[in-house]
Each structure stands twice: as C-alpha cells, then as structure tokens.
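Down below is the structure, laid out as structure tokens.
The values are calculated or read from the model by the stated rules, or taken from the named source; none is laboratory data. Remember, predicted model here, so these are calculated numbers, not experimental data. Cβ coordinates were reconstructed from backbone atoms using ideal geometry, including for glycine residues, and neighbour counts include every protein chain displayed.
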Amino acid sequence: MIANPLAFMEQAQREQGDIFSLDLGFTQVIGLCHPRYVHHVLVEHAHKYSKGGPMWDSMRTFMGNALPMSEGAFWKRQRRMIQPSFHHQRVSMMTDTMVEAIDECLLEWDLAALEGKPFDVSVALSRVTMTVLVRTLFGSGMDKEDAEKVAQAFSFILEYFIAGMVTHSLPEWMPVPGRQRYRESIKMIDEIMQRLIERGREQASGEDNLLSLLLQAVDGESGERMTNAQLRDEALGFFIAGYDTTAAGMTWVLHALTQHPEVTAKVRVELDAVVGTRRPGFADLMRMPYTRNVLQEALRIHSPSVWLPRLSVVEDEIDGYRIPPGVMMVIFTRLIHRHPDIWNDPLTFDPDRFTPERSEGRHKLAWLPFGSGQRQCIAKEFSLLEGMLIMARIVSRYELSSVPGRVPQERVSTNLRTKDGMWLNLRPRLPEAKAQVPRIPLSGTA
C-alpha cells in the first residue's frame, strides 16, 4: 500500500468491486469507487460521517479549525461569513491581479525558453501559484522574502502530513524525525500571518484582497467578526488549496498538452480568436469553453485529490454493506474518474467529453477534483479561473514539448505530484518572448 498506493487501490477495486474493505493493520478502511456512494456519504447521509481520523487530525495540527477542517455549527458560521468573498462577481474582479502575477513569474520561463534548457515546470508552477495566492490573499502586504520563507515551510509541512498521520499521537518525549522542523515551520508561518493580520486591521483600507474581505466579514446571525486566530486558520486553509493543489493540477495539465499537440492547437486557436495578443479578462474566459474542457479533462485523469476520507460516526448501510461506527471511509476520486462504466475509454484524453451534449445523463458526482456536497471546496471557481489563466498565458507564449528520457512518474503525497519533477522543453512562440529579459536564477533548470 505504502510503496504503490495507486496500484494497490486499483487492484482492490478489480478484485472486490466498487465498495471494498481493507485491513491496513493500524486501521480498517472501506473504499468507495462509484458516484452513488459519494452521494450517500457526502450528500444524502452526510450527517453520519465526519472529518475525523488520522489524516484530518494530522492536518489540524497545522490548519487548526479552518473551513476544510471544521464541523457542525462553527463550520456553518464560517461558511456563511466566507462565502461572499468567493461570489462569482468577487472572483471575476481578481482576474487582472492573477494575470499580472502570472506574467511576472513567466519572466523566468522566458529565459528558459531562450536558453533552450529542460525546465522543471512543477517547481516553476509552485512559484506561480504562490505569487497568485499572495497577491489575491494579501495584496501588497507580503513581501518577496516572506513569501519565499512561507513557500519553503509549506513544502516541508505538506510532505510531513503523511508521516504525521502516524506520528502525531506519539508521546512528546519520543524522538520523531522531522517533528521539530515541522513545529518550527508552523511557528514561522504563524508569525508572518499574525503580522499581516494585525497590519490589515490597523490599515482598514478596504483593499480589494481576500484578507481585507475576511476582516470585514460579519456573521449575519451573531453580528460577530473573525478573531485573529480564526483569520489565521482560514488563510492557511486557502494556502493549502491555492498553492499546492493548484500547482499539482496544473503540472498535469501541461503534461497533457505536451502529449496531445492537437489539443494544444485547438486551445491556441480558441485563445487567438477570443483574446489575440492582449491579456485575457474574465469575460474572455467565459467565451473559451474548449480551454475549460481541457482543464477539466486533465483534472479528471490526474486529479490532485486522489481520495476523500470520512469517518463514520454512527452505524450505516450502503448497498447492503454494513458500516460500523468509527470506520474510515475513503472515496477514491481517482478510481471514480477512471471508472469504465462512467467514462467511455477512460484513459483516453478527450476534452470533448465535457461538452454539454456528452455530459448529459452523466452522474453529477462523477467528477470530484473539488469534492462535492455542502463541503465542496469553497474556492472551486477561483481555482478554475486561475487554472484557465495560467494555461492561457503559457500556451500563448510557448511551444511545449516533453524531454526525451524524462517520463514523469506519479507520486502520492497530500496531492498527486511527480517523483522527479515535470521536465519540459519551452520554445518562444511570440516575438515579445524573444526580447531581452532580466537575468534571474533558474533553480528549476538543468
């Protein structure tokens, strides 16, 4: 299981079907691999399942009681307060900020394209998503030095989460590799977050960023605002989704484009027709359905979220299968996304399967990169908007191709990443990409 979890879960489904039991030694797991089971656990009987168990407990040591972690009345309160910040109109107003951040990061890509060296886009995309997140969440509040510190700390914390599932319950006196660094990383991030929150309260400038919106948010029922601790937790929750998850997803999007040049050509035709050589705006993206379909198809085949765990809190039954309380239920997103009864020829990359005509009749919970039900990721549209903008800016500027001998290997961590990066060749497409650009260090080249 630990050595190759993807192959392990695929074998379990082949041998036992769409609902199966696994004894992992330290815990029992019931795997769910069909949308009707997703509907049962996340929608129809959601009250019978919680975000409990080793994974969530490990993540709470860092994220506290952020929206993805919280439960019950507190979750409802936070959702009410945060939801307006991700309203369609609010998200659309962030487009220009996102594009400016993306273009700033692509200066590094320009240089790699001119030098003709293999380029690790997985590393570079993490810098892109971090820059976008910092600008949209904090505006000009976080400087580059702090952003780099946070990025490095986050990278370690996210890797430690898996180990933390086992080690978080061990006694404090017991030496655990990485635990001290994990705590120091959290402490450093907390100090930076606290400074940003206090500065935001002092300025009260009404800047158009997410932190400013959260500072102004008022619960309609109690009239209360968020405390600094609550703001800290929610900001870190956004970081998890907006930094690592988006970067992981976009890494696989670019991989798909290199493997399917005919798809890239269609994206480029749509992009040239709608946007031309100017920067894309929110209204442009609404006129680019094929580009959105490409993003959705890439997230289907290589969803960053491999599984969605829940803990049964009462006895239940699914298709005659008894579910005792205290059992870890795992919705295997990857297996649902590749289920042959749901997706025709599931391993074939086919963006047109997301057209309205071909989507008709498909189960609404067959596509789950952002979860489902009332606990669906609140930043879903934000993430899709960011993904389309990143794809549009990269496709408009570069010709992409794979590097011979560097075949990406899947690696399961908190998200579906690659073992040794995603190395691609970049070639300038537009004349302006050939212009002289600043000489900046390229830690992602080899």
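Under the condition of being more than 14 Å from Asp233 (Cα to Cα) and among the charged types (D, E, K, R), which residue from the stretch 171-194 is surrounded by the most Cβ atoms within 10 Å (Cβ to Cβ)? Working first, answer last.
Applying the first criterion (more than 14 Å from Asp233 (Cα to Cα)) to the stretch 171-194 yields 171-185, 188.
Checking which are among the charged types (D, E, K, R) leaves us with 172, 179, 181, 183-184.
Values: Glu172: 6, Arg179: 17, Arg181: 13, Arg183: 12, Glu184: 12.
Looking at the filtered set, the residue picked out is Arg179.
So which of Val267, Val263, Val294, Val275 is closer than 22 Å to Leu365 by Cβ and in contact (Cβ under 8 Å) with a residue 24 or more places away in the chain? Break it down into steps so the answer makes sense when it comes.
Numbers: Val267 fails: closer than 22 Å to Leu365 by Cβ; Val263 fails: closer than 22 Å to Leu365 by Cβ; Val275 fails: closer than 22 Å to Leu365 by Cβ.
Being closer than 22 Å to Leu365 by Cβ and in contact (Cβ under 8 Å) with a residue 24 or more places away in the chain holds for just one of Val267, Val263, Val294, Val275, which is Val294.
Could you identify the single residue in Leu137, Leu125 that is crowded, with 19+ Cβ neighbours inside 10 Å, assigned by TED's automatic domain parsing to the domain that holds Asp233 and under 24 Å from Ser85 (Cα atoms)?
On the way: Leu125 fails: under 24 Å from Ser85 (Cα atoms).
The unique qualifying residue is Leu137.
Based on what the data block shows, is Gln83 touching a residue at least 60 places away in the same chain (Cβ under 8 Å), out of contact with any Asp or Glu (no Cβ under 7 Å at 6 or more places or on another chain) and closer than 22 Å to Ser305 by Cβ? Walk me through it before giving the result.
Details: touching a residue at least 60 places away in the same chain (Cβ under 8 Å): yes; out of contact with any Asp or Glu (no Cβ under 7 Å at 6 or more places or on another chain): yes; closer than 22 Å to Ser305 by Cβ: yes.
Yes: the conditions hold for Gln83.
Looking for whichever is over 23 Å from the mean Cα position of the chain (by Cα), assigned by TED's automatic domain parsing to the domain that holds Val132 and part of a helix (DSSP H, G or I) here; the options are Leu215, Leu170, Leu231. Which one fits?
Values: Leu170 fails: part of a helix (DSSP H, G or I); Leu231 fails: over 23 Å from the mean Cα position of the chain (by Cα).
The conditions single out Leu215.
Report, ordered by the first and then the second residue, all pairs with beta carbons closer than 7 Å, sequence separation of six or more or different chains, a first member in the stretch 114-129 that is farther than 9 Å from Ala247 by Cβ, and a second member that is β-branched (Val, Ile, Thr) and part of a helix (DSSP H, G or I).
Val121/Thr251
In the set Met94, Met69, which member is at pLDDT below 95, closer than 28 Å to His363 by Cα and touching a helix residue (DSSP H, G or I) at 6+ places or on another chain (Cβ under 7 Å)? So that I can check it myself, show each step before the final result.
On the way: Met94 fails: closer than 28 Å to His363 by Cα.
Met69 is the lone residue from the list that is at pLDDT below 95, closer than 28 Å to His363 by Cα and touching a helix residue (DSSP H, G or I) at 6+ places or on another chain (Cβ under 7 Å).
Filter the stretch 11-53 for residues that are in a helix (DSSP H, G or I), in contact (Cβ under 8 Å) with a residue 60 or more places away in the chain and in contact with a strand residue (DSSP E or B) (Cβ under 8 Å, 6 or more places away or on another chain) and give the result. Working first, answer last.
Taking the stretch 11-53 first, the residues in a helix (DSSP H, G or I) are 11-16, 35-44, 46-48.
If we keep only those that are in contact (Cβ under 8 Å) with a residue 60 or more places away in the chain too, we end up with 13, 35-43, 46, 48.
Within the stretch 11-53, Gln13, Tyr37, Val38, His40, Val41, Leu42, Lys48 meet the criteria.
Just checking, which of Arg334, Arg375, Arg362, Arg338 is charged (D, E, K, R) and not assigned by TED's automatic domain parsing to the domain that holds Tyr49? Reasoning before the result, please.
Numbers: Arg334 fails: not assigned by TED's automatic domain parsing to the domain that holds Tyr49; Arg362 fails: not assigned by TED's automatic domain parsing to the domain that holds Tyr49; Arg338 fails: not assigned by TED's automatic domain parsing to the domain that holds Tyr49.
After applying the criteria, what remains is Arg375.
At pLDDT below 95 and in the same structural domain as Ala247 (by TED's automatic domain parsing): which single residue out of Arg279, Arg292, Arg322, Arg287 fits that description? Full working, then the answer.
Numbers: Arg292 fails: at pLDDT below 95; Arg322 fails: in the same structural domain as Ala247 (by TED's automatic domain parsing); Arg287 fails: at pLDDT below 95.
From the options Arg279, Arg292, Arg322, Arg287, the qualifying one is Arg279.
Could you tell me which numbered condition Thr61 fails, if it satisfies all but one of (1) buried (at least 17 other Cβ atoms within 10 Å of the Cβ); (2) touching a Phe, Trp or Tyr at 6+ places or on another chain (Cβ under 9 Å)?
So the condition that Thr61 fails would be (1).
Is there a residue being surrounded by fewer than 22 Cβ atoms within 10 Å (Cβ to Cβ), free of Cβ contacts under 8 Å to residues at least 60 places away in the same chain and within 23 Å of the chain's Cα centre (by Cα) anywhere in the stretch 236-253?
no
If Phe8 meets every condition in (1) assigned to a helix (DSSP H, G or I); (2) in contact with a helix residue (DSSP H, G or I) (Cβ under 7 Å, 6 or more places away or on another chain) apart from one, which number is that one?
Among (1) assigned to a helix (DSSP H, G or I); (2) in contact with a helix residue (DSSP H, G or I) (Cβ under 7 Å, 6 or more places away or on another chain), Phe8 violates only (2).
Quick one: would you say Ser413 is in contact (Cβ under 8 Å) with a residue 40 or more places away in the chain, buried (at least 16 other Cβ atoms within 10 Å of the Cβ) and among the hydroxyl-bearing types (Ser, Thr, Tyr)? Walk me through it before giving the result.
Values: in contact (Cβ under 8 Å) with a residue 40 or more places away in the chain: yes; buried (at least 16 other Cβ atoms within 10 Å of the Cβ): no; among the hydroxyl-bearing types (Ser, Thr, Tyr): yes.
No: the conditions fail for Ser413.
Assess whether Met174 counts as being farther than 24 Å from Met130 by Cα and hydrophobic (A, V, I, L, M, F, W, C).
On the way: farther than 24 Å from Met130 by Cα: yes; hydrophobic (A, V, I, L, M, F, W, C): yes.
Criteria met by Met174.
Hey, can you tell me all the residues within the stretch 141-158 that are of a type outside the set (Val, Ile, Thr) and under 11 Å from Met59 (Cα atoms)? Even if it seems obvious, please write down each step before you answer.
First, pick out the residues of the stretch 141-158 that are of a type outside the set (Val, Ile, Thr): 141-149, 151-156, 158.
Leu158, the sole residue that qualifies.
Contact list please: Cβ distance under 8 Å, first residue in the stretch 62-79 and at positive phi, second residue buried (at least 18 other Cβ atoms within 10 Å of the Cβ) and not small (Gly, Ala, Ser), pairs at least six apart or on different chains.
Listed by first residue and then by second, the contacts come to Gly64/Arg232; Gly64/Asp233; Gly64/Leu236.
Which residues, counting only those in the stretch 246-270, are out of contact with any Pro (no Cβ under 8 Å at 6 or more places or on another chain) and either among the aliphatic types (A, V, I, L, M) or not in a helix (DSSP H, G or I) (or both)?
Ala247, Met250, Val253, Leu254, Ala256, Leu257, His260, Ala265, Val267, Val269 - these are the residues of the stretch 246-270 that are out of contact with any Pro (no Cβ under 8 Å at 6 or more places or on another chain) and either among the aliphatic types (A, V, I, L, M) or not in a helix (DSSP H, G or I) (or both).
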